[in-house]
Amino acid sequence: MKTFAFAGASSRCLAMYAQPIVNDYKDSARIVGIFDPNQVRAHYISQDCGGFPVFSDFDRMLQDTHPDCVIVT
């Protein structure tokens, strides 16, 4: 299973990446975290997509989650 983290909590993150991963690719992909200085937006995306961890520090997210890929949105 491939793991993904997001750098940026934009509407593009939600509609083009997070929702499809959670809804269409859940058998082969998993979201392990999201980073954004705007914690309100990051928490919204996390809650909308099942509740993955939200980070205010990008380096901490990488250390804690070890994603296979980071999607910058």
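Scanning region 48-62 for residues that are in contact with a helix residue (DSSP H, G or I) (Cβ under 7 Å, 6 or more places away or on another chain) and open to solvent by less than 60 Å² (accessible area, probe 1.4 Å) yields 49, 52, 54, 55. Screening residue 65 with (1) under 10 Å from the mean Cα position of the chain (by Cα); (2) surrounded by 16 or more Cβ atoms within 10 Å (Cβ to Cβ) gives one miss only, at (1). Scanning region 1-31 for residues that are crowded, with 17+ Cβ neighbours inside 10 Å and either among the acidic types (Asp, Glu) or within 17 Å of residue 61 (Cα to Cα) (or both) turns up 4, 5, 6, 7, 8, 9, 13, 18, 30, 31.
Only residues that are open to solvent by 70 Å² or more (accessible area, probe 1.4 Å) and within 16 Å of residue 71 (Cβ to Cβ) were counted in region 32-47, giving 1.
The values are calculated or read from the model by the stated rules, or taken from the named source; none is laboratory data. Note that the structure is a prediction, hence the values are computed from the model and not measured. For neighbour counting, all protein chains shown are included, and Cβ atoms are generated from backbone atoms with ideal geometry for every residue, glycine included. Keep in mind that these areas ignore ligands, DNA and RNA; they rest on the heavy atoms of the full protein, side chains included. Shrake-Rupley method; radii C 1.70, N 1.55, O 1.52, S 1.80 Å.
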